[in-house]
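Read through the structure below, which is laid out as structure tokens, and then see the notes.
Nothing in this text is a laboratory measurement; each read-out follows from the coordinates by a stated rule. Just so we're clear, the structure is a prediction, and the values are computed from it rather than from any experiment.
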Amino acid sequence: MLRPVGSLFRKYHRQLSILTLLPILLVTVTGIAIPVFEELHLEGLPEFMTKVHSGAVFGSDLVYSVLVGLGLLGLIVTGITMTGLLPSKRSSANDFDDEGVNDT
């Protein structure tokens, strides 16, 4: 039996959210904390937070950034698909007459 598309996206959305929770939380918290620590003139802490924010502290900032970005895009796509904002059925040109009015 085939699953409805919505439940399939719900499954992927749930799995992606679990995998990307910690990285996205780190990026969010450090992104908020960096300007606060800079304003408080705390020595060394803003630089360390910048390394955590970019993933450099983990040794591979490019891979970290790409994975966080792809995870976030995946969450956006699956989330939008589940909301029903995108039409599931596309209208063909034959459904409309010459004045653009739907015949059905």
**Q.** Shape of region 5-82, Cα gyration tensor, a/c cut at 1.5
**A.** prolate
Q) Once fully extended, how much extra length lies between L25 and L85, figured as 0.36 nm per residue of separation less the alpha-carbon to alpha-carbon distance? A) 18.9 nm
